[in-house]
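The values are calculated or read from the model by the stated rules, or taken from the named source; none is laboratory data. Keep in mind it's a predicted model, so treat the numbers as computed, not measured. With ideal geometry, Cβ positions are generated from the backbone for all residues, glycine too; neighbour counts draw on all protein chains shown.
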Ligand code: GLU
């Protein structure tokens, strides 16, 4: 066994990948890259009842879009493959049988109705949170409570049989977590988890630890929701005589209010993306992802990296390479991290600013084929001018509109404030002046000096030009805009506004 770090991301294809999952994959990736270790993608698909069509492909595509790459994964079968648990089902059974033979696990024959009756019975007696475990196992039908003959008959019958872990009673299960410190569980609070289901497939717990062991995983980095399962995993490692890996449980990602875990429903309700890419539910409901919201993968990853980690310095903007250099598990915090959409957008804005114009053009061109093919204005010029103003890629649509579409009406309030019949006179002269100007010279300086000769303030002149060209007061510099759309289009808009202003303002 080598000393290098081996980590894994082990999603279950039971639905789309939540951004919490992307963060888990990211932290695993960062640790692997930072240490020259390996990252493995393992698909945990032993729960056939919860299998969701398309989820595995979605997970793979989302991680590929995010730029998180794997050293070992389904399709690249190396010495540790296959990497899809459904293709490994022959492996697990032998370990389960070994546990049964050694008296560390047992067969259980209870029907769903019997399990239900056990719960109801306990409730009727006022016993809270009763589990299949040390208090109840001898009251149930299993190879501990039945005679060996009865058990053999039931086994031979092929009746619904599962294998359960025999959790030792009155023990303290201890393990160290890199983020949470020393963690303890009282074994009496742990149920006898099913290890092998009636369909012959292992449960998550069994398959997970067998694979982590066989794949020589050194560090298990996953969400906090798995912390309580870890007690069972530690018992299983012990039962099988294996050394457990290092554990690190990442803090929860909380709703924007800070109260409770961020759920799929919050996404729909609050209009925030909780998935990396668009996902269509079985019910037909469509959830937009970070990609559809116009995030760059690097912007999303930078944001996610900070949900539960900080570099310990003031620096906030990191490329993926930068994160690899800065990341360490020691800097991961225990407290839940609040999802803040404004912050997400801020991160993305910084990443958009840092992008080369060529790259930004390559991203925006296919999103706007109707604009990208016109000769004037020059698409690249528009992108360059607007780059600073974009928070997400989708902002381009609105920001660039007036380069491609002449306004046919004007923002009401500023028009009423800035335009009056008195201005009509000098406004016409201004347009003639712009028409007669040499556009290869500094047009802005020319208009400024014209205004000062006319005794007009720039606050009177520029807003009208802006409205005439764009229809609204916010937007890029008007002289840059005029150069990009060209003299003929600019003058068309200005001349049109002469009558349109008067009509709208009357
Ligand atoms: N299959 C589990 C999941 O869906 C993996 C948990 C773990 O990393 O052990 O998240």
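Where helices (runs of 4 or more DSSP H) fall wholly inside the stretch 304-376, the ranges with 2 or more residues that are within 22 Å of residue 276 (Cβ to Cβ) are 320-326, 341-354, 357-364.
Would you confirm, using the coordinates I've provided, whether residue 79 is crowded, with 17+ Cβ neighbours inside 10 Å and either away from the ligand (no atom under 16 Å from the Cβ) or at pLDDT 95 or above (or both)? Reasoning before the result, please.
Values: crowded, with 17+ Cβ neighbours inside 10 Å: no; either away from the ligand (no atom under 16 Å from the Cβ) or at pLDDT 95 or above (or both): yes.
In short, no.
Do you know which of the residues in the stretch 216-233 that are in a loop (DSSP other than H, G, I, E, B) and more than 12 Å from the ligand (Cβ to nearest atom) is nearest to residue 172 (Cα to Cα)? In this case the residue turns out to be 218.
Taken over the stretch 13-23, residues that are more than 21 Å from residue 331 (Cβ to Cβ) and either surrounded by fewer than 20 Cβ atoms within 10 Å (Cβ to Cβ) or within 10 Å of the ligand (Cβ to nearest atom) (or both) amount to 5.
Which of the residues spanning the stretch 454-475 are buried (at least 19 other Cβ atoms within 10 Å of the Cβ) and outside any helix (DSSP H, G or I)? Of everything in the stretch 454-475, those that are buried (at least 19 other Cβ atoms within 10 Å of the Cβ) and outside any helix (DSSP H, G or I) turn out to be 471, 475.
Residues of the stretch 1-12 that are out of contact with any strand residue (DSSP E or B) (no Cβ under 6 Å at 6 or more places or on another chain) and either near the ligand (Cβ under 10 Å from one of its atoms) or part of a helix (DSSP H, G or I) (or both): 10, 11, 12. Based on what the data block shows, is residue 224 under 26 Å from residue 287 (Cβ atoms) and surrounded by fewer than 21 Cβ atoms within 10 Å (Cβ to Cβ)? For residue 224, the condition - under 26 Å from residue 287 (Cβ atoms) and surrounded by fewer than 21 Cβ atoms within 10 Å (Cβ to Cβ) - is met. Looking across the stretch 24-44, the residues that are farther than 12 Å from residue 63 by Cβ and either surrounded by fewer than 21 Cβ atoms within 10 Å (Cβ to Cβ) or more than 9 Å from the ligand (Cβ to nearest atom) (or both) come down to 27, 30, 31, 32, 33, 34, 35, 36, 37, 38, 40, 44. Checked against the criteria, residue 141 counts as over 38 Å from the mean Cα position of the chain (by Cα) and modelled with pLDDT of 95 or more.
Here is a yes/no grid of residues against (1) more than 12 Å from the ligand (Cβ to nearest atom); (2) in a loop (DSSP other than H, G, I, E, B); (3) in contact with a strand residue (DSSP E or B) (Cβ under 8 Å, 6 or more places away or on another chain); (4) without any contact (Cβ under 8 Å) to a residue 60 or more places away in the chain:
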site: 208; (1), (2), (3), (4): no, no, no, no
site: 239; (1), (2), (3), (4): yes, no, yes, no
site: 243; (1), (2), (3), (4): yes, yes, no, yes
site: 265; (1), (2), (3), (4): yes, no, no, yes
site: 272; (1), (2), (3), (4): yes, yes, no, no
site: 283; (1), (2), (3), (4): yes, yes, no, yes
site: 293; (1), (2), (3), (4): yes, yes, no, no
site: 298; (1), (2), (3), (4): yes, no, no, no
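Residues in the stretch 130-188 that are loosely packed, with under 15 Cβ neighbours inside 10 Å and either within 30 Å of residue 333 (Cβ to Cβ) or in contact (Cβ under 8 Å) with a residue 60 or more places away in the chain (or both): 172, 174, 176, 181, 182, 184, 186. For the stretch 446-453, the criterion of a residue being within 17 Å of residue 482 (Cα to Cα), out of contact with any strand residue (DSSP E or B) (no Cβ under 7 Å at 6 or more places or on another chain) and surrounded by fewer than 18 Cβ atoms within 10 Å (Cβ to Cβ) is satisfied by at least one position.
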